[in-house]
Amino acid sequence: MHKVKRPGQWRAFLSMTYYALRAQTRNPATFAFGFIFPVVFITVFGLIGNTPQNYTIGIPNTSVSNNPITKTLTGQSFIRVEQGSREYLEGQLRVGKIASIISVSRSSQNPPRYSVSLVTTRANPQQSAAVTTIISSVVDKANLALSAVKNPPITLSQQEVAGRQFRYIDFVLPGMIGFSLLSTAIFGVIFGFVFLKKALVFKRMFATPTKPLTILLSQGASRLIIVLVQTLLILVIGVLAFKFYLPQGLITFLEILFLSAFGLAALMGFVLLIAGFAQDENCASPLANLVTLPQFLLSGVFFPTDSFPKWVQPIANNLPLSYFNLAVRKITTEGGTLADTWPYLLGLAAWGIVMYLLAAKTFKWE
Amino acid sequence: MAKKATNKEKKNIIEVNNLIKKFGDFTAVNDISFHVQEGEIFGILGPNGAGKTTTLETIETLQKPTSGTILVDGIDAKRHPDDIKQRIGVQLQSTSFYPELKLTELLKMFAAMYDTEVNPTEMLEKVQLGDKAGSFVNKLSGGQKQRFSIATTLVNKPIVIFLDEPTTGLDPQARLNLWQMIREINNTGVTIVLTTHYMEEAEQLCDRLAIMDSGKIVATGTPRELIENLLKTGFKKEIVRKDASLEDVFLHLTGKELRDA
């Protein structure tokens, strides 16, 4: 004989989402992890990526100044020249500050003969190799010109295919979105959740007719909004300040937002597993680091997973954050469509489902 | 104080029968039965660990009973927990609110959780926190926190409110002030169930009491009845006459009256 008006869940959901969001925006940790860190990172990496590759060569004071070799070399925009005594330059060479020392001497014959001596080091093997190639090609060309060879037996023709210049920002920005997504999800949500649990905030909510699922969904929705704003912020700074490339403009932009929402939904599995299991911050902290650290290092946030040894790659390529990074790079740097990302979305979903199932078994509200 | 102590016509708003609550091997509540009458202030008195909080939380439907039945306003707690939640107000032992939300925001959120709306300023004025509308819970004093916590129990116009050790840790003024507030709420027709381990509180504030120990209810009745029952057994309080107190020692040594710090 008790007919009461069943309370609707909708008003509760909207209100709790709004106030959870309100609470988060007043929380300095959310602000730091969610907004300040990504902006600082993206600015730093954006600036790194803008510096073109340079080679520094040393020319000792004893080298003759007026000769066709150094003249051609110093005319190149990517060559920087450092002058000084031979001892000084050798010191610089040994510590890898300059790629090689090039010294030219001239005989007193007429026409003069030149001899070029090149000193390289193992301190900086890639730069040395590159500079050696550049210098020998300059020497070869100069030889041909001076020997008056008009018609060499081998000719080289070069053709450039239209393409975008690959810049580091185009690689690192998708990684930064993933990185921020994971840190917000793990550090922001887990610690927030464990606190609310410990402070009996959730328990007090259960004393109302609002359903636990509504409470959980409103928590999820408020975090989702934070993550989308964060992705938006990174993208806007990337596009405006560092000319991050969006192959299809607004469509790619929206696709990245979709991927972020999808990624968060999958990562929430980890979050619920840890937050539901951990009784306090001390317990949550090592678990959170266990999940995040390997992913920050291995999932291709800052450099491609190809650079890892062969045996690490199967691990590195199958982490949830790797799937996210690969999916975003598929539609940005690789210019693919959202449909092309399905293997990665499948991988993310698989992780998510496993984690949600585990969380459902171990989750405790208290 | 004895305004309705002997009113037998009141209906039972809460009926607990043979309630058992176990956590694993541990029996927190061991086969208790009692009832609470409509409109009274009912106290559960007992030492720490007696099972007071578990009893309260089981009636509040925050915990599921291992066995036994609980009826709140005639509604079965096992079958319709949400209908019970809709009609009761709950204060937990510790302040259990978002630290980043203002008092008015918290009240609005709680109202939405009952699918209703409130005037937060009016509610805060009712508990003498009208000037704290923009404050955060952590900035309140102990007594203010408890008053706010009670305000949140009232957003859904409940017929019963449950207060778990509402005055623990409060100074004497704050305690008296809270008693006054609890009586005022009670006078508007709201039944009140509270737990305490303060004898004075049980005697002064509660219309009826259940005394709990080790998961059992060892006695129920009005404070007067309980005292009379004890006296009937021939109990005599041991009266100790002290020839001097520590204060006398102190004054003798320092030669000064204790002053209000």
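Brief remarks follow.
- Unmet requirement for A:Ser115, which otherwise passes all of (1) under 25 Å from the mean Cα position of the chain (by Cα); (2) of a type in the set (Gly, Ala, Ser); (3) not in a helix (DSSP H, G or I): (1)
- Qualifying residue in the stretch A:220-239 (condition: within 14 Å of chain B (Cβ to nearest Cβ) and of a type outside the set (Asp, Glu)): yes
- Options A:Lys211, A:Lys197: the member that is buried (at least 18 other Cβ atoms within 10 Å of the Cβ) and out of contact with any helix residue (DSSP H, G or I) (no Cβ under 7 Å at 6 or more places or on another chain): A:Lys197
- Selection within the stretch B:47-71 - crowded, with 23+ Cβ neighbours inside 10 Å and on the phi > 0 side of the Ramachandran plot: B:Gly51, B:Thr61
- Test: residue in the stretch B:167-176 that is away from chain A (no Cβ under 14 Å), assigned to a strand (DSSP E or B) and within 30 Å of B:Glu15 (Cβ to Cβ): no
- Among the numbered conditions (1) at positive phi; (2) of a type outside the set (Val, Ile, Thr); (3) within 22 Å of the chain's Cα centre (by Cα), the only one that B:Leu176 does not meet is (1).
- Checked against (1) surrounded by fewer than 22 Cβ atoms within 10 Å (Cβ to Cβ); (2) more than 30 Å from B:Asp83 (Cβ to Cβ); (3) in contact with a helix residue (DSSP H, G or I) (Cβ under 8 Å, 6 or more places away or on another chain), A:Pro174 passes all but condition (1).
- Some residue of the stretch A:80-94 being at pLDDT below 80 and surrounded by 14 or more Cβ atoms within 10 Å (Cβ to Cβ): no
- All helices (runs of 4 or more DSSP H) inside the stretch B:189-258 with 1 or more residues being within 16 Å of the chain's Cα centre (by Cα) and in contact (Cβ under 8 Å) with a residue 12 or more places away in the chain: B:199-205, B:223-232
- Of the residues making up the stretch A:176-201, those that are more than 8 Å from chain B (Cβ to nearest Cβ) and within 20 Å of B:Thr152 (Cα to Cα) number 2.
- Selection from the stretch A:134-146 of residues that are more than 16 Å from A:Ile101 (Cβ to Cβ) and among the hydroxyl-bearing types (Ser, Thr, Tyr): A:Ser137
The values are calculated or read from the model by the stated rules, or taken from the named source; none is laboratory data. What you see is a predicted model; the values in this text were computed from it and never measured. Cβ atoms come from the backbone with ideal geometry, glycine included; neighbour counts cover every protein chain shown.
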